[in-house]
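The values are calculated or read from the model by the stated rules, or taken from the named source; none is laboratory data. Fair warning: this is a prediction, and the values are worked out from it, not measured in the lab. Cβ coordinates were reconstructed from backbone atoms using ideal geometry, including for glycine residues, and neighbour counts include every protein chain displayed. Note: accessible area is taken over every heavy atom of the protein model, side chains too, but ligands, DNA and RNA are not part of it. Shrake-Rupley method; radii C 1.70, N 1.55, O 1.52, S 1.80 Å.
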Amino acid sequence: MKRDKLITIIICCVFVLMAGIFYFNSGTSSVQNEASITKKEVSSVNHSTEQTPASKEIAVYICGAVKKPGVYKFNTASRVCDAVKAAGGFKKNADTISINQAQYLKDGEQITIPKKTNVKPGSSGDGKSDSNNSKASSNLVNINQADENELMTLPGVGESKAASIIEYRNKNGYFTKIEDIMKITGIKEGVFNKIKDKITI
């Protein structure tokens with residue numbers, strides 16, 4: 001009888017010991033699996049971060065009424081004000097109101113900062129002279145704003161000279177006086193004398 005009890009006790013101890021070993025191994029395996037999953041997630045995040053492309057670099061040509069015209073490189077988040085800063089800032093005669101400094105830059109574009117135009121006040125304060133000047137100027141060709149067809153209505157100005165005037169404006173900004181038109185190739189004093197009474201700025 002005592003022998004049967006002893007055998008029963010030994011069997012129970014062996015069962016409890018095996019149950020404990022199984023439970024311990026099961027818990028360790030679960031922790032290892034969780035650690036493995038966490039490591040994979042971290043690796044995935046790091047890989048995703050490494051694959052994020054850097055901001056694209058763009059090149060922009062800025063000219064006109066800036067201190068250092070030229071081609072400068074920026075990122076896609078840059079704006080016109082950044083291009084002006086890179087070019088040394090505005091000149092004193094820059095027409096800053098006519099441009100949108102908050103506009104985003106585009107790769108390969110040209111930004112021309114225009115110059116202020118000369119405004120000639122009327123000879124009297126009653127408004128009559130200003131009105132007469134306005135009527136007179138309406139019949140003149142504005143060399144700072146006219147398109148190619150309008151410029152070609154001037155005596156001695158053909159298609160090539162009209163194109164040269166527009167090209168000059170794009171590179172250097174507006175003319176500051178009508179005499180500046182003689183800076184255009186092919187327009188010298190003779191042609192200027194024919195058109196000086198027909199143009200304005």
(request) Specify whether the C-alpha gyration tensor of region 145-201 places it in the rounded, prolate or oblate class, a ≥ b ≥ c being the square roots of the eigenvalues: rounded for a/c under 1.5, otherwise prolate if a/b is larger than b/c and oblate if not. (result) rounded
(request) Note the full-extension length gain between I166 and Q145 as 0.36 nm times their separation in residues minus their Cα-Cα distance, in nm to one decimal. (result) 6.7 nm
(request) Mind checking the full-extension length gain between T185 and N75? Use 0.36 nm per residue of separation minus the Cα-Cα distance, one decimal, nm. (result) 35.9 nm
(message) Explain nothing, just compute: Karplus ³J(HN,Hα) = 6.51 cos²θ - 1.76 cosθ + 1.60, θ = phi - 60°, for every residue of region 13-19 in order, whole Hz, x for Gly and Pro.
(response) 5, 4, 5, 5, 4, 5, 5
(request) Would you please give the FRET efficiency between T96 and K177, computed as 1/(1 + (r/R0)^6) with r the Cβ-Cβ distance and R0 = 22 Å, to the nearest 0.05? (result) 0.60
(message) Set the bar at 22 Å for Cα to Cα. Now go through K85/K115; K116/K177; K73/K177 and name every pair that lies beyond it.
(response) K73/K177
(message) Using only the heavy atoms of the protein chains and a 1.4 Å probe, how would Y104, Y61 rank by accessible area, largest first?
(response) Y104, Y61
